[in-house]
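Participant: Got a structure here, written out as structure tokens. Questions coming.
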């Protein structure tokens, strides 16, 4: 899932080298922290958070077979 989130984010932003994803895995859940540059925050979040919501939906759908809960946080690098 980390790789999926990284690929999606790198295709959305102008500065793909600044994209990084940190993964914290526990027994029941996975936390993915997506860091992008401040210039690219708007592109990743989108109007009214629509792109961020779509990213979260795709990542959660890919985690269904692992039977874990996934949380995606978007932070500024």
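Participant: Of the residues that sit in region 10-19 and are assigned to a helix (DSSP H, G or I) and touching a helix residue (DSSP H, G or I) at 6+ places or on another chain (Cβ under 6 Å), which one is nearest to residue 66 (Cα to Cα)?
Facilitator: It comes out as 10.
Participant: Take residue 33 and tell me if it is in contact (Cβ under 8 Å) with a residue 40 or more places away in the chain and either over 15 Å from residue 64 (Cα atoms) or within 9 Å of the chain's Cα centre (by Cα) (or both).
Facilitator: Yes.
Participant: Tally time: how many residues in region 39-60 are more than 18 Å from residue 21 (Cα to Cα) and either touching a strand residue (DSSP E or B) at 6+ places or on another chain (Cβ under 8 Å) or surrounded by 11 or more Cβ atoms within 10 Å (Cβ to Cβ) (or both)? Don't jump to the end; show me each part of the working.
Facilitator: Taking region 39-60 first, the residues more than 18 Å from residue 21 (Cα to Cα) are 46-50.
Now drop any that are not either touching a strand residue (DSSP E or B) at 6+ places or on another chain (Cβ under 8 Å) or surrounded by 11 or more Cβ atoms within 10 Å (Cβ to Cβ) (or both), which leaves 46, 49.
Looking only at that region, the number is 2.
Participant: Now a separate question. Criterion first (within 14 Å of the chain's Cα centre (by Cα) and in a strand (DSSP E or B)) does residue 59 satisfy it?
Facilitator: no
Participant: Would you mind stating whether residue 9 is surrounded by 14 or more Cβ atoms within 10 Å (Cβ to Cβ) and either more than 10 Å from the chain's Cα centre (by Cα) or modelled with pLDDT of 95 or more (or both)?
Facilitator: Values: surrounded by 14 or more Cβ atoms within 10 Å (Cβ to Cβ): yes; either more than 10 Å from the chain's Cα centre (by Cα) or modelled with pLDDT of 95 or more (or both): yes.
Here the answer is yes, as residue 9 does meet what is asked.
Participant: Could you count how many residues in region 20-38 are surrounded by 12 or more Cβ atoms within 10 Å (Cβ to Cβ) and part of a helix (DSSP H, G or I)?
Facilitator: 0
The values are calculated or read from the model by the stated rules, or taken from the named source; none is laboratory data. Note that this is a predicted model, so its numbers are computed, not measured. Quick reminder, even Gly has a Cβ in these numbers, built from the backbone with ideal geometry, and neighbours come from all protein chains shown.
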